[in-house]
Amino acid sequence: MTFGQTIKSYILWTHPRGGLHYDVMVTLILAFIFLTPRSLFKDSPINRPVHPNEILVKPDGPNAFVYVVAASNLPAQESDIQAALKRVLESIAGKIEVSRYEELRDTSGKLTGYRVWAHR
């Protein structure tokens, strides 16, 4: 078998299972799958920042939730933060009671949002 015929038989996958050429083809495929770096295909996860109006919700027990609310969702001159958070959250979650909240700040100390514990 010439080199060209061997390459053609690899492409057309004509070798029987368990033969030397079959094992070589399978080994080449597995090597390609496991040894090819992800960067070759530019296939890496995209880290998108949270949208400023997005509210994240996580369950925290029965009928209890932890919400993450961006600071931009609240009015700038709001004096009662807990009441403002309750108004914002009730528009998406219905009737809730806010147990407590904490401020979220970035590394420079700027207020970025609030973590709110609420229940129904």
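The values are calculated or read from the model by the stated rules, or taken from the named source; none is laboratory data. Please read these numbers as outputs of a predicted model, since none were measured by experiment. We work out accessible area using only protein heavy atoms, side chains counted, and drop any ligands, DNA or RNA first. Shrake-Rupley method; radii C 1.70, N 1.55, O 1.52, S 1.80 Å.
Across the chain, C-alpha contacts under 8 Å between residues 6 or more apart give a mean separation that, scaled by the residue count, equals a relative contact order of 19 percent. With a/c under 1.5 counting as rounded, go ahead and sort the stretch 57-120 into rounded, prolate or oblate using the C-alpha gyration tensor (a ≥ b ≥ c being the square roots of the eigenvalues; past the cut-off, prolate if a/b is larger than b/c, else oblate). It comes out oblate by the Cα gyration axes. Over the chain, DSSP H runs of length four or greater, each weighted -39,500 (n - 2.57), average out per residue to a 222 nm ellipticity of -10500 deg cm²/dmol. Summary of the geometry: the stretch 98-120 and the stretch 50-83, compared by the centres of their Cα atoms, lie 7 Å apart.
In this structure the amide hydrogen of Asp60, modeled in the peptide plane, comes within under 5 Å of the amide hydrogens of Phe65, Val66, none closer than 5 places in sequence on its chain. Once divided by 2.2 N^0.38 Å, the Cα radius of gyration of the stretch 1-44 becomes 1.46. Contact order for the stretch 50-120, expressed relative to its length and based on alpha carbon pairs under 8 Å spaced 6+ residues apart, stands at 34 percent. Full extension of the segment from Thr36 to Glu102, taken as 0.36 nm per residue of separation minus the current Cα-Cα distance, would add 19.2 nm.
For the chain, the solvent-accessible area of protein heavy atoms averages 76 Å² per residue (probe radius 1.4 Å; ligands and nucleic acids excluded). Can you give me the Kirkwood hydrodynamic radius for the chain, using every pair of distinct Cα atoms, in Å to one decimal? Roughly 19.5 Å, rounded to one decimal.
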